[in-house]
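The values are calculated or read from the model by the stated rules, or taken from the named source; none is laboratory data. Since we're looking at a predicted model, the values are computed, not measured. Cβ sites come from the backbone with ideal geometry, for glycine too, and all protein chains shown count toward neighbours. The accessibility values were calculated without ligands, DNA or RNA, using every heavy atom of the protein model including side chains. Shrake-Rupley method; radii C 1.70, N 1.55, O 1.52, S 1.80 Å.
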Amino acid sequence: MSCNNESIAQYERSILPKRTKELIQLVCNSIQSTYGIELKTYRENYVDYCYAETAAGKELTYGLGKGCNSKIGAYGECIEHLLLVLDCCEKKQIYFGQCKNYNFDTLLDHASKLNGFDELEFVKFDAYSEFDKEVYIPHCLVNHNYYNNKAELSEAEEFFTKYSTTSGTAFGATKIDAILHGTLELLERHYTSLLYLNLLGIDSDAHFSIVNPASFPLESKKIYSTIKERSVDLDVTTITLTNSDNISWFLTMCHNPSSREFLPKWGAGCSLNPHVALYRSLTECLQMVDSTRPDIAEEKIQYVIEEYPALAAVFFLDVDTLPLQNISFECSDIKTKKLMELKANEQLDVLFDTLQKSGRSLYYRELYNEHGYVVTSYATNTEKFFNVNHCMPSLPLRALDETLIKSELI
């Protein structure tokens, strides 16, 4: 049993595209009437773009769309980014010193011992589980826009510059959809971080394999062929994590393994459904191949490599140095049918149960809930080493806590 474009695009969503478009228009109207910011779109080189523009014509942020319903994706990503920008411009409910014990999260526990931690601005995250209490997380960790125009930093703020991110923030027509997508993005970054650690020779307990493209399902095979057509003389490689529990992760990259002239273009995908995760990694890769927007981080990478030569293996994704097996894509018809029947809330429950079994907890914060939702998810003790990709010198969690116990979630 295979999945078509429409079923893949609709997976992890509770509302049909027609209604989602109506909600997005309401969100755009609300943003324009409240802030005077207009969301505009254009299509270039096969990619849909959506950007937020002030009345004075200044672009604040943008989003890209790929795959089926790509314009919806571009709007959703732009709305996410814009709400994060506005989150640091508006007055919000800020807390100070609400939580004294952060032993539930290695990163926060380490930071709580640094000077200036108690003076940080904290934002409240609600627990996804009815049995857990809300937590208060430093605003600077979950929204890197916090650092815009920040002149002086405390020791704690300086520490969080290495881990600050907007990963985990997602737009959804329903709150469940938004939390689900935000959590999947966190896990995607978590597994990508484990790949980076493997590339640096650090045992991350994760096992990766190369996937034979001849075994791809039909829709993914089409995207793979398109990437090959638009990337003449380059290799296209897809790898997957083979020992994760319930969760599928794929990374597809377009690269020249014998050259250091150009950085690879790549995309990753994470889902309960292997068809969706693979397809997403391919469309993300294709989006990067086709994108005409410059990658700001690329300008810094050469300097970082000169300072830290070992990181070249991460930036150039030197997977040829890993002991990777070649495998075929496998997902039985029975498993595919069962996964496709899972509703968004049921998918989120499976993710939550998987996190709980590994000793992790899931929290979320609503940034917007008027016509749809923008939510930031936070899963405790997920690896954030991914930030080295943005030239941020982060350390893996085990470097912050040598007593960190191996968990079932690889």
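If you go through region 28-65, how many residues are in contact with a Gly (Cβ under 6 Å, 6 or more places away or on another chain) and either hydroxyl-bearing (Ser, Thr, Tyr) or open to solvent by less than 70 Å² (accessible area, probe 1.4 Å) (or both)? Final tally of qualifying residues: 3.
Taking region 235-267 as the range and being small (Gly, Ala, Ser), more than 16 Å from Phe329 (Cβ to Cβ) and not in a loop (DSSP other than H, G, I, E, B) as the test, only Gly267 passes. Here Asp320 meets each of (1) out of contact with any strand residue (DSSP E or B) (no Cβ under 8 Å at 6 or more places or on another chain); (2) open to solvent by less than 60 Å² (accessible area, probe 1.4 Å); (3) in contact (Cβ under 8 Å) with a residue 60 or more places away in the chain with one exception, condition (2).
When Glu90 is tested against (1) under 30 Å from Lys113 (Cβ atoms); (2) in a loop (DSSP other than H, G, I, E, B), only condition (1) is not met.
Of the strands (runs of 3 or more DSSP E) lying entirely inside region 117-234, those carrying at least 2 residues that are more than 30 Å from Phe315 (Cβ to Cβ) and open to solvent by less than 10 Å² (accessible area, probe 1.4 Å) are 122-127.
Mind listing whichever residues of region 357-403 are assigned to a loop (DSSP other than H, G, I, E, B) and of a type in the set (D, E, K, R)? Those that are assigned to a loop (DSSP other than H, G, I, E, B) and of a type in the set (D, E, K, R): Arg360, Glu370, Glu383, Lys384, Asp401, Glu402. Taking only region 1-20 into account, find how many residues are in contact with a helix residue (DSSP H, G or I) (Cβ under 7 Å, 6 or more places away or on another chain), crowded, with 16+ Cβ neighbours inside 10 Å and either among the aliphatic types (A, V, I, L, M) or at pLDDT 95 or above (or both). So the count comes out to 1. A search for C-beta distances below 8 Å between a residue of region 219-239 that is without any contact (Cβ under 8 Å) to a residue 12 or more places away in the chain and any residue that is part of a helix (DSSP H, G or I), counting only pairs 6+ apart in sequence or on different chains, returns Lys221/Pro213. Report whether or not Lys335 is open to solvent by 30 Å² or more (accessible area, probe 1.4 Å) and in contact with an Asp or Glu (Cβ under 6 Å, 6 or more places away or on another chain). No; evaluated as a whole, the condition is false for this residue.
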